[in-house]
Every structure is written in C-alpha cells, then in structure tokens.
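None of the figures in this text is laboratory data; all of them are computed from the coordinates on show. Keep in mind it's a predicted model, so treat the numbers as computed, not measured. Because the Cβ atoms are built from the backbone with ideal geometry, glycine has one as well, and the counts that use them run over all protein chains shown.
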Amino acid sequence: MNDLATDESFDAQILLCEACGRGFAHMNAYSNHTGSCRQQKKRMASALGSAKEKYRNKKARLEAAMQLHQDELGPQPATAAPTDIAPIPDVINSGPGIAEPACLAGRRPRRENRRLPLRYRTEPAVPPASLPPAVTHSHPPNDSTSPVDATPKRRLLKSPLNVFGLFRQYFSTHFPDHDPDSNTQAADLSDVVADHSTVGPSSPFLPYPNQNAFLLGEWYWNNGLQKTKDGFRKLVDIISAASFNPADVRNIGWDLLHKRLAEPTNSEDIWLDEPDASWKETSITLPIPFDRNTPNPGVQLYTFPPLCHRSIVSILKEKMANPRDFQNFHLEPYELRWRRKDMSDKESTRVHGELYTSPIFLETHEEIQALDGEPGCTLPRVLIGLMFGSDATHLTSFGSASLWPCYMYFGNESKYRRCKPTCNLCNHIAYFRKLPPEFQDFATLHSGNKNPSQAFMTHCQREFFHAQWKVLLDDDFIEAYEHGVVIECCDGIKRRFYLRIFAYSADYPEKVLLTSIRNMGNCPCPRCLTPKDLLDQLGTGRDKNRRVKLARVDNLQHRVKISSSCDIIYIQNRTVNSIFVENILKPESWVPTENAFSHRLSPFGFNLFSIFLVDFMHEFELGVWKKVFIHLLRILECIHGATNKLDQRFRDMPTFGRDSIRRFTNSVSELKKLGARDYENILQCSMPVFEGLLPDEHNQNLMDLLFILAHWHALAKLRQHTELSLDILESVTIQLGQSLRDFEAKTCSAYDTRELKREETARRRHAESAGATNRPNSENAAGALPKVLNLNTYKDHSLGDYVETIRQCGTVDSYSTESMELEHRSPKSRYLRTNRKDFEKQLGSIERRQARIRRIRQKLSSRARETFVHEKAPESSASTYHIGKTQSHPLDLGVFARDYCRDPAAKDFTTKLKEHLFPRVQERLQIAPENLSSDTSVAAQVAQYTILIKNNRVYNHKLARFYHTTYDVRRSEDVVNPNTPHCNVMLLANTEQKDVGSPNWVAEHPFLYGCVLGIYHVNVVYTGPGMIGYEAMRFDFLYVRWFQLDRAQSQARNHRNWASLRLDRLSFPPMNGPGSFGFIDPGLVLRGCHLIPAYSLGRIHLDGIGLSKIAKDSNDWKGYYANRFADRDMAVRYHWGLGIGHIYSHGRNTPPQHPSTTFSAHEPEDPEALPNPSCSTPSNSGFRAEDDDGDKLHGSELDDPDAAPGEAASDEAAPGKVTSAEVASDEVASDEAAFDEAASDEAASERDSLEESSDRDDDTFLELYDTYYSD
C-alpha cells in the first residue's frame, strides 16, 4: 500500500493519506498523522486479520492433507526408535558469536499452557482413551474352509482412563482392531452450531458424465427444496467457477439421467458395482373373513396395493461398504465405566448411554459368541442391533395426503450421530399401506350392501399391517438372524453378522397395533398384564412386583389362544368380536391377529414384547404432564382472573440458551399449536408462574408436585446415566407417584373442575360429525361437563418402567420417538417433488437419488470427514470463553466517571478495576512472593499507580461466548449479551470458607450468580515490582451486579438439598452496599444461567423509574428463582458430583443431595483430597484464580447426606474483600500464600504466557506515565 501521493496540479508536493484522504504539505505533519489515523489503523488491523485467517486456513489444509496421506498409507508396523541419530544442533543460538537476548523478556523462561486451579477448571470434552494395540492375529481365508482352531481364552480387558475417569471394559481375547471412538474429533463432541465446508478433487462422477453435471445435480437434489441465500450462493459458485463449461451440461438428457440415478438394482443388489439397497414392490393377498350372517359367509381373497419396501439385509451390506459409516460403526460392544477421583483403583460405576454399551447388548453379544457356529467358519461374529420406528404423518398442512413410513437405525452407531439429520443414518425401509378406499366397497359388497362394522375394519387393518411386516421379515432376514450373513467390509475383512431387534419406537396406538393387544382394554400395558384399575399405584412396592410377575411373554399359551380365536373366525365363520372370541382374549386384552414378529421369530426364543420400550415424549411430555397442566387450567378457571395472570407471566418469561427456553405464545392457556418441546418449556418454568395463583393451603401441594415433575423430567431425559443417578431417579419416581395421588385427593377434590372451552367445542364437533343419534346423552349435553384428573392410564403406569429400561437398554434418547418425528421432514420435503399420484414409489426413487449422490460426494471428498468451521469459535477447544478482539467501541474512563458521577453502579469504577487487575497481572507475570509487599494495607494503594490503563480506556463488547463441558462429556456454549435476558452467569462459590465480610449464604450454596452489565477488555501496563517491560497486556473482564440468596426463604425451608422441593430464590442487594457490583475474570464463569422473576412478589419500582442507568434496575423484580431445570446439564450441576463432565465437583465436599441418594454397598465412597471451592464471594469486587490443589477435604455428601458443607475443615485463610484499600491489602497477603503454592506445584497453576515485551529506560517510562495520566 502506497500512502504517498503527488498532485501535479499544485506547485508544491501534497502528501495524501490514502486511508482518510487528508492532505499535508510537510513531511513531519504527515508522519504525525500516520501514527494516529484511526482509518489507517482499522485498515491495518483488517489486513492483519485477513492474513491470520489465510494462515489458519492454509495450516488446516496442510494438516488435512497430511492426515489423508496417513490414512491412505494405512497403519504402519511399530518399529523401535533408532538410538544412533544425533540431535539436530541449534545453529541459531549455539554459535559462539551469538549473545543472549538483552531484554528481560528474552531471558525470562516462558511458561506455556498455564492452567487454572482444579476447582475452576473445565476440561474440554474428549472421547474415551485410545485402546492399546490389538494382539496380532491372522484373519481366516475368504473361503472360510479352514478347520476351526482352538478358541483362545477370553478375559476382561480394560482401556486406560481418560481425564474424566471414563474407561472401556471388554470381555474378549484381545482389544478390537476396529475402534470407532479413535476417529472422534472435537467437532463430533460439540453441540456448538457450526458451518460446513467441503472441497474435493476430481473423481469419477457416474452416472453423471462430468463434474459440472454432477454439481448441478447435487445442488438440485441434495440442497433442499426451498432455496435459500446459501443455496443461491452455491449455485453462483458452480456456474462462476473457472472449470465450469456450459457445453458440459448443454446436451445432457436430464430426465434419462435422473431415471438412471434412481433405477433399481439387479438381483444381487448391486448398482454400478457397489452394494445398494434399492426399493421393491410386493403385492399382498389376504383372506378376508365374512361371518355366517352375511350372504356369502366364509373367506374371500383380496389383493391390496403393493408395498414399497427395501431389504434389511441389503441395507446392512450397503452400510458395511460405506467407508464413512463403517469407521464409526461399533463392531464389538464394551462396558463403559466411570472411576471418580474419590474411588479406589478397584472401584467404578457403570455408565449407561449407548445401546452398544448396554447390558442387554452385551448379553446378546455373549450369546452369539457362544453359538456352535457354522461348520468350518472361523470368521469374526458381529452383533447388529436393529432399532425400528414407525408413525403415520401428514405430508401437507392442508389436504388428506399422508404417509406411514417405517424407519430403521443401527444401534451399533452412536446416538449422537443418529440424532443428526445431516449424518443421514436413518434408513427408510418401508412405506406402510392403510386399507384402501376400495376395500370398503369390497367389504360392503360381500356383507349384503351393509356397511361393515368398526370391529371388522379394525381387524382387517391389523391383519394387513402384520402381513406387511411379514414381507419385511423375509427369508434373508431369518437366515441372517439364525445363521448370520457373511459380508466383506470396506476394510477387506469378511465377517459374519447376526441380526437382532432391540427396540421399536412408536406411540401408544401403534404399540397396540404392533403387539396385537386391545386398545385401552383391561390390561392396556404392552409390557405387562397389570389391571387397568391398578395403574395409579406408581411407585408402590406392589406395583413394582406386579410388573415383574405379570410381564407379557410370547409363550406357547399365548400363541394357542390366538390360534384358537382365529379358527373361530376363519373356520367357524364367527364375527371378530363374537362372545366366543371375547371369552378367550378379553381377560388379557389380546386380539385375534397372528403377530408377524411372533410368527417369524418366536422359534428362536424372541419375546416380541421386550422391544417396545418406553416413549418419553408421548408418555410424559405429551402424556402425564400435558394432562396435569390441562387440569391445572381447569382449576384456574374456578379462580377469577387466575388464567389471565398465568398468560401474562408466561409472556414475561425470559428466554434461555439458543433453544432451551423459547419465547411463549401470547396466550398459553389456549393451548394452540403446542408441541412436545412447548410443554417441556412450560414444565421447566412452571413453578414461578403458578406460585400464588392458588390459596395457600393448595399452593404448597401444587409447588411440591411441579418441582417433583420437573425433577423427574430432568433425570429421566438425561443422555448419560450412572448407577448413582439411577438410584436418584428411582427414589424420585416413588415420590412422584405419591405426590400425584396426594394432589388428586387433596387439591383436585376441592374444586368443581369442568371442561375448558376448547374441550367443550371439540366434544360437540366430534358428536356432530359422528351423528347425534349414535352418541351418548353426555356427549350431546349443552355446557361444560365435569372433568377429573384420571391417574388410571397407561401413560401414568409407564413411568415406573423407566429406571429398569435405562438400566438394561441405555438412556431414553437412544430409542425415543423424537428422532423419528424429526425424520418426518425428509419425506415431507420429497413429497413436494412428486406428482401426488402413487407418491410412495416416487418417494423411494428420490431417496435413492439423494443417497447415491451423497455416495459420489464422499468419493470426491479430499478428506475422510467434513471439517466443521465456526468463525466465532475460540482458537483452542480448551478455551472456556471467547470475547472479540475489536477495539471499535472504546469507553473513556474519565468521561464515564463524569457522565455517571451520581450512578451507584459507577462508583469507584476505575479504582475497583485496578484492584481487580492487580492480582491477575501478578499471576500472569509470575512475580515471586518475595517481590510482593507483605503489608496488605498498602497493596490497594500500590495497585493505583502500578496498574496503568492504556489511553485510560476500556473497550466494550456486545456479547461473550462461554464454552463448558456438559455432564455427558460434550462441548456446549452459552452466549451472554448484557442487552438481552441472556445476561446472567453462574460461578463456583467457596462453600467451605466464610470470612467475616462474606454473606452467610456462601457456605450454604455451591454457586454464585451475577447479572452481567458489561463485557470489556483493557490494555494494561504494569510498573510495579517484578515488571518486565512496558508492552501493554490485554485482560478481559466482566462488570456484574451480584445476586444474593434470599435468607427468608432459606430459613423457612431447608434449601441446601433437593428435599426442600423449591427453587433457590435470589434478590439484588442494595446498590449502596459494598458488594453489589464487581468485576470477574471471564475464565471463572461456569456457564450462563436462567433466572425467572418471582412474579408473586411483584416489582421493586412500581413507577418504572430506577436508580441506575447502568444497572437498568427500572424493571427489577423483588426476587428471582434460579431455574435449575433450564436444561439437563443445569439439573446435574445441582446434583453435585454426579456429572461425569463436571470435573470440578468430583470428590469434593458438596451440598447435600437428594436424601435417598447413597452409594451402593459395592461402591463405597472414600473421598480423595481435592482443592477448596474456587470462587470468591459476591462481596468481592474482583475474582482471581487461587491454586489450592494441596488442600484436603474430609467426608462426602454421598456418605452423609445430612452433613452441611460448611462443616468441612480448612486451614487456609479465606480470601478477603477488595472493595476498599484495607480489605484489598488482605487479598494481597492471600496472594502470597497462593504464589507459595504455585511455586511448589507449577504444573497445576499454569496459565497463558506473557506477551513479548522489551525494556524501556526511565525517560521512556516517565513519558508513558505522563501520557496515560495527562488529564
């Protein structure tokens, strides 16, 4: 860039600044201007930023290329490192003529990767530790004809522990050589939103003739139907590329090409020499029974429209031939265990999450390994876990077009990948058919022109549905189920795969259809025979015993009953609901339909009722909770004005997270267009909303019930459980059952509840559509009918199965219907590309086109996986926060002090800021303890003239991103913006130490809460003892307004544990108090938090006029509730020590947990010595890291649930307040102790290294000092 320009129209030479355009006649004026021109600085900063970005991208490309090169070479044999290679000499620093650096920064040893003390530390999410090398073994030849060798002895193998204490446990002869977890990258463990970018070299594009044709075809089929700006940009990139030639796409027969892209495979399921599971059509003919009262009794054959389906075995072959899916496919299961830091080397607890780590999967794997096997076959045996799901869905918002898809997942793949639509791991295996309209005419014709009964039509639909499943469970499937199927995987190794069904996700009506039981019969549960009148006994001992003793089993007795009833219908020509059939089947709620799973798989000991697991979304969120919430609305209708208050409070509810708590509708009580996630949010925020709406005698019962419901919801929906958390869930389930019964008996009976207006309207509309003459008088009655809370339902009963289901099959998100509901978007978008006629076949063709295009793209990709790039992410995955680098929004401290001289939030802002920065500067410079002043009364005064703020300015930022590791060892983020409701943060509190100046509640609560008023960074020069130069150092900080725990509420109820059944209530302290405002290091923020106003207490300023413009207190409420149910990670943080990813809580003395939370006898607790809690109290104006790794804790919350956290002994002095010079001096004294510990344990207290700096002489220092303090 040339900053010097000459204007020939002037006699004298004019010096022009290209950045701002100003002209100068003299060189010295131009030189002075170039050093202060803001536009020039911005351009330079932008250029430097672009250069750094290009450097990062180039480095990423080189690393990806190296990784690809290593992958192509394959694993190299381990060789001993040569010992005769001499080290490379340092020719730069070892020469005789090279002197040591003259500046102090060059002589000072650099300390990289300094870490926070353990109690502050948030470890980045990492997968389980890599497995040791597998023992070398030879694979059998492909012909599998070699004689069977002696079976090696199997033994228990344990992998190394990772940083969280997780390790894998195998029962095998050796560690597996195929380890999908070794391919896990940081992006796979992150829930942070990311952008995608892929680039690939040229490669065959068949069936497309060339690259440009493929790119256009990919853009059309796989980039969505509704084109966005991003889609338009991709199209522009294609046609504007230098390699694009219009002749390549001009004369292509696109219709023929698309037809070839969707054409079915040959008889061997091969398409373009690759395994491919194409769609097929199979016609079904069934015998239709007509009873003896019809003109033509007996069986009549009817041929239904063909079923569009795919072969399950062919889908497996296609999966094993896909390198991208194969590398993440778990061929051998393992048991995941957790050894917390306070456990001995022989103790650990089981971790429940994935299906392939569940006990039922491991047991089935052992059964397959114990089979006799095929003669002469020594191939490795692999268990394939199949997970099905089906649900009918509407394809359009208006109209009657619907689809009944059946999906299939492989349980060998991680649930975190299965739930992502972009991974395309959901396999569409069939589009089920319903009874066609022509069947009604057929039945009427053979019934003497009489409409067939509803029981007859329902029976035919069941028969037709199970006939379709018999087609899917074909002979190939049965062969693979019994003997296994041999497949050569993409790694060149042949294996024998055995198919097993572990789960079938469906809502209750579909479960009834699949299990062949009666809808809402005497025994409505598909898993047990509990009578309907005993379904309300949730949590009782008798109910638990009945679930075991009365479990449904597909035994010979059950099959004989079904066979006998079918003979009565098909041979004796009785009606499907005749008294003869009812006497056999009605007591246990069976139906006269031969079940497809029973017919095909019962010879192998398969129990069909075991695969229909719990369904969290339909059974709780859209079941129990929705029912309770609607009945609460009925109760509020009995109280004048209560419903309006409810709607107003939900409208005022602050949001949280990216999508954790969304904004509610204007009128929640109308229940319009509410989905499962809406009811979930209502439950998470229900306690403050309902508080005070009922009289006191019923308000307590309601608050207890809402807390228990939210607590059970948070625990049951966890994506990772341990035996410890399952014990808590089991106790909460017992508590929930009792609370529901108490609420029904005490509160519900006190109100004459009737139908809501929407319920009354729906009842009348349904009665009119069905015909008034055929409906009972109660349905035709005018006015709202009485309504009661009914607990005798299957959905209430199902809550008792969650603990055992999770313990056997993994967590509920692995087999929930939520992922299936999300997959419905795929056929809905494809439907818009069809002609709406016979669309099932067209949907299958579109699915094949998209899958085959993705396969071509994978071949073209230059990397084995996509690289996810997030522009706003931190440079390192270990970073705990990210604040921008811009300095475009400066805040002059002198102007700030003058403008807000009367604002209590601005009082002593600069003074407190320097006091806050003083210990952080000393820690970064690693100043030795002997260089610190021992007189603490002088430290605050020293900070005022040793901390120089460059240009007397701090720089404001709009938002900050805080990265944290969740309980299930995933990486997540919270965005904090002071100008939105997302402005609250939480930190760890010192729960064991309490100094005289700290609030009493600090020793009773594990967290601190603050409202962020501003996000800043400052450039600081330190000139005190231990200084190394005058280069400015950047420090980020947050200016917060602290919350205090509500003492009145805490004294009324014990809020130190979950037994209080209440949320923690907070409030703002008086603004003139010494600890109302303060500064904190962003690195100490744990995560954002959700604070809900205490609506029942009202606002502080009724006139809307506050005291501080900075604090924005005009709309403050008298109290706030810390919502511990905002998300699952937040709930586990309050269950101290149970979150595997919450490493700061492992083995530390903690606030009491749930009273029933105890360790089992085989897992005793012996807490290990760990540091004290990390954070200072809200009375501090600044927070700093303090290394206490040597401190010892005694006892554990799980040993003694009633032990108070403040009872733990501690010999170290508590940190002091820094809001005045006297208290700040005490903090400096504690700094000396902290630095003593840092000197003895350097590795535990490492932090970021100091920026490069150089020495200045005294004259330079005086000039710099005058510049900073000239005003």
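Given their separation in residues at 0.36 nm each and the Cα-Cα distance between them, TYR751 and LYS434 gain 109.7 nm when the chain is fully extended. Relative contact order of the stretch 366-496, taken over Cα pairs closer than 8 Å and 6 or more residues apart, is 21 percent.
Taking the number of Cβ atoms within 10 Å of each Cβ as an exposure proxy, the fewest-first ranking of PHE171, PHE465 is PHE171, PHE465. Between ASN251 and THR1023, the modelled labels are 8.1 nm apart [label points 7 Å from Cα along Cα→Cβ].
Taking the alpha-carbon centroid of each part, what is the distance from the stretch 787-863 to the stretch 1068-1087 in angstrom? For the stretch 787-863 versus the stretch 1068-1087, the Cα centre distance is 46 Å. The overall shape of the stretch 455-555 is oblate: from the C-alpha gyration tensor, with semi-axes ordered a ≥ b ≥ c, the ratio a/c is 1.5 or greater and a/b is no larger than b/c.
For the stretch 379-459, report the translational diffusion coefficient in µm²/s to the nearest whole number, using Stokes-Einstein at 20 °C, 1.002 mPa s, and a Kirkwood Rh over Cα pairs. Show your work: numbers first, answer last.
Working: Rh = 16.4 Å.
D = 131 µm²/s.
Classify the stretch 203-315 from the C-alpha gyration tensor, please: rounded if a/c falls under 1.5, else prolate or oblate depending on whether a/b exceeds b/c. Because a/c hits 1.5 or more and a/b exceeds b/c, the stretch 203-315 counts as prolate. In terms of overall dimensions, the C-alpha atoms belonging to the stretch 618-802 reach 57, 36, 35 Å along their principal axes, ordered largest to smallest. Computed packing ranks the peptides 1087-1095, 847-855 as 1087-1095, 847-855, most packed first, by mean other Cβ atoms within 10 Å. Take each peptide in 327-336, 281-290, count the other Cβ atoms within 10 Å of every residue, and average; sorted highest first, the result is 327-336, 281-290. Each peptide in 698-707, 448-457 was scored by the mean count of other Cβ atoms within 10 Å over its residues; highest first, the order is 698-707, 448-457. With Cα atoms defining each centre, the stretch 387-410 and the stretch 643-694 are spaced 29 Å apart in the structure.
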